[in-house]
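Written below as structure tokens is the structure these notes are about.
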Amino acid sequence: MSKTQADSNGTNGAPHRHGSPMRLEVVIIGVSDVDRAKAFYTDIGWRVDGDIGADGYRLVQLTPPGSTASVIFGSGVTTAAPGAGGSLLLAVDDMEATREALIRHGVEVSEMFHDAAGSLAGGFFASPEREAPGPDPEGRSYATYARFSDPDGNTWLLQEIVERLPGRVDPVDYAAFAKADPDGAPGGRG
């Protein structure tokens, strides 16, 4: 590996403290109709990286615009039930433009929402009462969300990130992210 490759992977040429860097490359989702799923994702602008198979096996790999990670589905690829993927997150630069583009392509997209308690973790609560309608009132990065699902029910959570936080937040130092909320969830403003 060249120094340029290592640097572009976030190691700055130094050895990674956990060995080699690990980058998310592919997420595998279950679908019931491979052609329908492929049409859905290509219609919303995802690039087809591969469509291969024979004898009852088929693998389709697609990449969302601007992403370095891909999605794979097909026949004989996974034992996961269609739609069992949970919520998968897509970071977007402009929530309004992304929602409008998806809607133009016939996708049912939720209205924008944010965390009712004011944290940056609004899309990561399973309870709808934590969701307040509309974009984050303060316009903060990481705080505005929307959802859509593919025809099999695989749910995609959109999160608007206009400006990334510097580095990663220490798992114990939530104060660097924001004050803890009354429920103890990270990122709240309690």
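Paramagnetic label reach from D94 (point 7 Å along Cα→Cβ; backbone nitrogen cut-off under 12 Å): within segment 25-60, no residues. Taking other Cβ atoms within 10 Å as a rough exposure proxy, S110, S87 sort from fewest to most as S87, S110. If you plug the beta carbon distance of A132 and D33 into 1/(1 + (r/R0)^6) with R0 = 45 Å, you get a FRET efficiency near 0.80.
For S149, what is the net charge nearby, where nearby means another residue's Cβ is under 15 Å from its Cβ and Lys, Arg count +1, Asp, Glu -1? Kindly include the intermediate steps, with their values, before the conclusion.
Values: positive: R36, R99, R147; negative: D33, D43, E108, E111, D150, D152.
Local charge sum for S149: -3.
In this rough spin-label picture, where each label sits 7 Å from Cα along the Cβ direction, the F125-D49 distance is 3.5 nm. The 3J(HN,Hα) values that the Karplus relation (6.51, -1.76, 1.60; θ = phi - 60°) gives for segment 83-94 are, in residue order, x, 8, x, x, 9, 10, 9, 10, 7, 10, 7, 9 Hz. Gly and Pro appear as x. Take the Cα of S87, go 7 Å toward its beta carbon, and the backbone nitrogen atoms of segment 142-159 under 17 Å from that spot belong to 142-150, 153-159.
Taking amide H as placed 1.01 Å from N in the peptide plane, the amide H of E131 sits under 5 Å from that of A116, each at least 5 places away or on another chain.
Phi-derived couplings, Karplus 6.51 cos²θ - 1.76 cosθ + 1.60 at θ = phi - 60°, listed residue by residue for segment 148-155: 8, 10, 7, x, 8, x, 5, 9 Hz, with x used for Gly and Pro.
Rounded to whole numbers, the Karplus 3J(HN,Hα) couplings from phi for segment 51-60 are 8, 10, x, 5, 6, x, 10, 8, 10, 10 Hz, using 6.51 cos²θ - 1.76 cosθ + 1.60 with θ = phi - 60°, and x at Gly and Pro.
For segment 98-127, GluC sites (Glu not before Pro) meeting the loop criterion (DSSP other than H, G, I, E, B) and having at most 15 other Cβ atoms within 10 Å: E108, E111.
We did not get these values from a lab; they are worked out from the coordinates using the rules stated. Everything numeric here is computed off the predicted structure, so don't read it as measured data. A quick note on method: Cβ atoms are made from the backbone with ideal geometry, for glycine too, and the neighbour counts reach across all protein chains shown.
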